[in-house]
């Protein structure tokens, strides 16, 4: 009987340690609390299909979706470092697109999403202004898709320096 009791205490202690450790790993990964319901990072519970909005003709596959009961939170993992203490605009719009896709598919607007950089996790509020910026950007992209000629962006000198088409650009 004593051996059985000792084994139960050891198993209970191990379970408690694993529970605490999993919470630490979850926080280190930048994941908010809740049930992970969608994964497109690694091979664990891999997502079968992307999110899609017929209304906006938009599709996307966030790295994680976390179900917090009343809302679903998208998490996008980036290998880059945050660097400038602000998320990159392209990363903010990507996360906003996932928020819009969740809003469309679930009928509930997420309050925020998370961008997990190598050195920080940023909780980005999904505001009306961010949603409007995303919709405006989508409109601009669709306009460019229909255009016969679209000028290239030359705002990033490093990108131009390493561009494989620089020799034939004609817009520098």
Just how many % of Cα pairs in the range 32-146 lie over 17 Å apart, if you round to the nearest whole percent?
55 percent
Chain lengthening between residue 165 and residue 37 when straightened (0.36 nm per residue, less Cα-Cα)
41.9 nm
Each label sits 7 Å from Cα toward the beta-carbon; between residue 79 and residue 141 the label points are separated, in nm, by 2.2 nm
Using 17 Å as the cut-off for backbone N distance, which residues of the range 71-92 belong to the label zone defined by a point 7 Å from the Cα of residue 127 along Cα→Cβ?
86-92
FRET efficiency for residue 61 and residue 149 from the Cβ-Cβ distance with R0 = 30 Å, rounded to 0.05, comes out at 0.45
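All of the numbers you see were taken from the coordinates with simple rules; none came from a lab. No experiment lies behind these values; they were computed from the predicted model shown. All Cβ positions, glycine included, derive from the backbone under ideal geometry; neighbour counts span all protein chains shown.
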